[in-house]
1. Inter-copy label distances at residue A:100, 7 Å along the Cα→beta-carbon direction, one decimal in nm, shortest first?
2. With springs connecting C-alpha atoms under 10 Å apart, model chain C as a Gaussian network and identify which of C:36, C:177, C:77 has the largest mean-square fluctuation.
3. Can you give the average number of partner chain beta-carbon atoms within 10 Å of each beta-carbon in peptide C:122-129, as a whole number?
4. Comparing D:20, D:81, D:100, which has the greatest mean-square fluctuation in the GNM of chain D with Cα pairs linked when under 10 Å apart?
5. Placing unit charges on C-beta atoms (Lys and Arg positive, Asp and Glu negative, everything else neutral), compute the dipole magnitude of the protein assembly as shown about its Cα centre in debye, rounded to 20.
6. How do B:180, C:41, D:61 line up, fewest other C-beta atoms within 10 Å first?
7. If you fit an axis through the alpha-carbon atoms of helix A:6-25 and take the longest principal axis of the Cα set of chain A, what angle between them do you get, 0 to 90°, nearest 10?
8. Per-residue mean of other chain beta-carbon atoms within 10 angstrom of the beta-carbon, peptide A:47-59?
Number of protein chains: 4
Amino acid sequence: MPKLGVEPIRRQALVKATITEIGAAGSLDVTVSKIARRAGMSSALAHHYFGGKEQILLAAMRHILVLFADEVRSQIASARTPAERLDAILRASFASPNFTAEVIAAWLNFYVLAQANPEALRLLTVYRRRLQSNLTYALRPMVGAAAADKAEVIGALIDGVYIRQSLRAGAMGGADALAMLRRTVDHMLPGADQRKTAEMVDGAMT
Amino acid sequence: MPKLGVEPIRRQALVKATITEIGAAGSLDVTVSKIARRAGMSSALAHHYFGGKEQILLAAMRHILVLFADEVRSQIASARTPAERLDAILRASFASPNFTAEVIAAWLNFYVLAQANPEALRLLTVYRRRLQSNLTYALRPMVGAAAADKAEVIGALIDGVYIRQSLRAGAMGGADALAMLRRTVDHMLPGADQRKTAEMVDGAMT
Amino acid sequence: MPKLGVEPIRRQALVKATITEIGAAGSLDVTVSKIARRAGMSSALAHHYFGGKEQILLAAMRHILVLFADEVRSQIASARTPAERLDAILRASFASPNFTAEVIAAWLNFYVLAQANPEALRLLTVYRRRLQSNLTYALRPMVGAAAADKAEVIGALIDGVYIRQSLRAGAMGGADALAMLRRTVDHMLPGADQRKTAEMVDGAMT
Amino acid sequence: MPKLGVEPIRRQALVKATITEIGAAGSLDVTVSKIARRAGMSSALAHHYFGGKEQILLAAMRHILVLFADEVRSQIASARTPAERLDAILRASFASPNFTAEVIAAWLNFYVLAQANPEALRLLTVYRRRLQSNLTYALRPMVGAAAADKAEVIGALIDGVYIRQSLRAGAMGGADALAMLRRTVDHMLPGADQRKTAEMVDGAMT
DNA sequence: AATGAATGAGGATTCATTCAT
DNA sequence: GATGAATGAATCCTCATTCAT
């Protein structure tokens with residue numbers, strides 16, 4: 001167990017504080033001072049560790065992306081059939097650590113950041129490709145050549161549900177969102193028996 | 001032809017300039033001065049007409065929302081069957097005046113604005129309800145009680161495609177987006193004959 | 001008489017304040033706020049008019065250089081003989097508006113600025129060339145081919161007296177400096193009759 | 001050979017690094033951190049040894065002044081006649097270890113430092129007095145009562161050449177500078193035979 | 001109606017300096 | 001002796017907003 005130096009701890013604290021601040025502000029107009037204060041340090045130290053505001057935002061973005069990737073990997077690990085694999089991805093998208101108000105707000109703002117920041121664009125592109133690849137891999141055994149196309153649809157649907165979720169008004173919870181996605185995906189698959197598979201692993205959902 | 005006073009002209013110019021600036025910046029971090037300069041007037045005058053930056057942003061938002069509503073209304077006007085009505089909505093979403101880089105960037109940022117601004121939230125909620133209502137109305141004759149649910153899915157999918165479009169990298173054009181939506185919607189409907197309907201009106205797309 | 005807009009007035013005030021501040025601080029570490037306050041306005045306005053601190057410093061530099069050039073031109077105007085021309089340049093260098101503690105401090109610091117700022121370097125190079133040219137032109141009739149060389153010496157001597165003047169301790173006044181320069185220049189010229197010429201116009205010195 | 005403790009070594013390294021940094025920046029706006037990093041230690045240690053930035057700068061200044069004094073002393077040691085003594089001083093001023101870009105930049109900035117820092121002013125005044133004294137001592141046998149006056153001129157000329165050298169553009173090398181000084185000094189002396197003396201020791205120049 | 005002039009408030013960033021270890 | 005950690009104080013700069021004309 002490597003002893004954590006103080007640097008990783010501080011960086012971690014700043015990243016967490018950044019996500020919280022973005023969630024609270026609903027935008028990227030968060031001051032480094034506020035982030036630092038929430039993380040329990042001076043803004044000068046935040047600059048010392050990250051070099052600048054942009055780096056802090058990107059670190060927060062990477063953090064969320066990594067969290068999501070970890071969740072997907074962990075959910076997929078126990079999947080045995082393609083249908084289970086597909087459902088694992090859906091669960092990862094709408095399960096508790098990721099489908100939080102503040103994380104969703106962060107996602108939304110990362111899309112904005114990507115408009116102006118090449119690195120943010122790159123990260124989001126990587127995320128999208130990985131999701132597409134995971135979905136396609138799971139879909140291929142079930143729908144063959146149509147896999148890529150359907151993966152694109154499901155990916156867009158996930159993003160759409162996320163962005164709508166950011167409007168707290170009339171948004172559904174993670175469970176409802178997951179249920180909706182599952183129903184939709186079921187309809188996109190050939191047979192009717194997939195439905196069962198999805199429900200089988202339903203208990204795994206937090 | 002009502003002679004436009006100078007005020008509406010100036011307001012219109014500011015709204016247009018605002019959308020262009022948001023498109024160029026990719027965020028709401030646009031200065032009133034730049035907007036005003038692009039609209040050919042002083043920033044003081046912009047304030048005079050709108051009262052403040054927030055009002056300008058909201059006016060731009062209303063403008064885009066109205067444009068979209070108009071487009072939907074106009075497309076639906078010539079629709080005769082439920083399927084045509086459904087397709088009309090899709091066409092309105094991905095047709096040229098709305099599916100522009102700058103308009104898409106604006107949409108994305110209005111979601112951000114809605115995080116902090118109640119009026120922006122209200123506008124987006126109204127938009128969402130209207131879209132849901134239009135979709136449900138078109139879907140009901142075809143899928144009955146499942147209409148609301150499917151409308152929600154289609155709505156989310158539209159938003160998802162929009163947000164992904166904002167990442168220029170690997171984004172598809174409006175025509176491709178429309179095609180994808182149509183294929184997906186087809187699969188959500190009971191029979192296979194709907195597919196034909198969609199293709200029938202295909203020529204109407206610009 | 002063109003009515004001065006407010007902008008030239010403000011710029012002028014800022015330039016003057018900048019020189020005073022540099023004189024008081026003895027270095028370029030003067031804050032825009034202090035300069036602006038001394039000029040009777042907000043620092044924001046200073047930025048508005050000049051765009052940034054560097055521009056303000058360069059404007060101050062140009063101001064001093066122009067003042068010096070004007071002084072030289074005005075002194076030379078009434079010179080009839082080469083020797084008088086030469087003496088006019090010396091008088092311009094050590095006469096009252098230029099040979100002030102604050103102006104001298106500014107000069108010194110402009111040399112520092114020129115180490116890092118290309119435009120400042122350019123300005124100083126222009127100044128040096130012009131001085132060299134003026135001196136050479138005056139010297140040629142008196143010393144022929146040696147003019148350029150002697151001009152270089154006199155130019156360096158002027159700069160040397162300036163820099164030493166900046167050390168208030170043990171520095172001589174403008175009159176003493178001028179006298180020293182005149183004596184030295186006299187020795188550099190062939191005959192002994194030049195001495196008289198220099199003394200003839202001595203009364204013109206303020 | 002006294003074994004140097006670690007402290008003098010560190011101090012020496014810091015002083016050298018300071019001069020290099022000033023040379024690179026062209027100004028006194030060098031950070032203690034950079035100086036310390038270049039000297040291979042932490043900025044905290046630099047503070048520990050010197051007490052503060054100002055002390056470091058002053059130490060660098062003293063170093064340069066001492067170096068110059070040593071050079072003069074060493075050059076004068078082998079001089080037998082007054083003319084040789086005079087030339088020795090000139091050689092010391094423009095010989096290689098002193099007439100470097102970074103040392104010249106440092107000199108210039110020490111004049112700036114002297115504007116605000118009494119100790120820097122004192123050091124520069126001491127330097128000037130010593131130079132004046134050395135020059136006068138060498139000149140007296142040759143020009144008698146005019147020695148002090150001519151020493152002043154030569155001193156100012158040396159400083160002037162230095163400051164101009166800092167503007168790399170169009171600056172001459174050390175050899176040229178020395179040649180110019182020698183020519184000028186020759187003209188300031190009564191007879192023409194001094195010229196020979198200067199050329200006699202010319203070979204000593206590096 | 002229209003604008004140039006002006007500013008207060010705020011934010012990112014830098015840096016000398018301190019201190020516990 | 002040596003340093004990483006930490007910060008307060010500055011400083012440049014931007015911008016929404018106001019106001020007199």
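1. 4.0, 5.7, 6.3
2. C:77
3. Values: counts 1, 0, 4, 4, 0, 1, 5, 2.
The shielding value for this peptide is 2.
4. Maximum among the listed residues: D:81.
5. 480 debye
6. Values: B:180 20, C:41 17, D:61 26.
Going from least to most buried by this count: C:41, B:180, D:61.
7. Value to nearest ten degrees: 70.
8. Per residue, the average neighbour count from other chains is 0.
Each value in this text was obtained by applying a stated rule to the coordinates, not by laboratory testing. Quantities reported herein were computed from a predicted structural model and do not represent experimental measurements. Cβ: placed from backbone, ideal geometry, glycine included. Neighbour counts: every protein chain shown.
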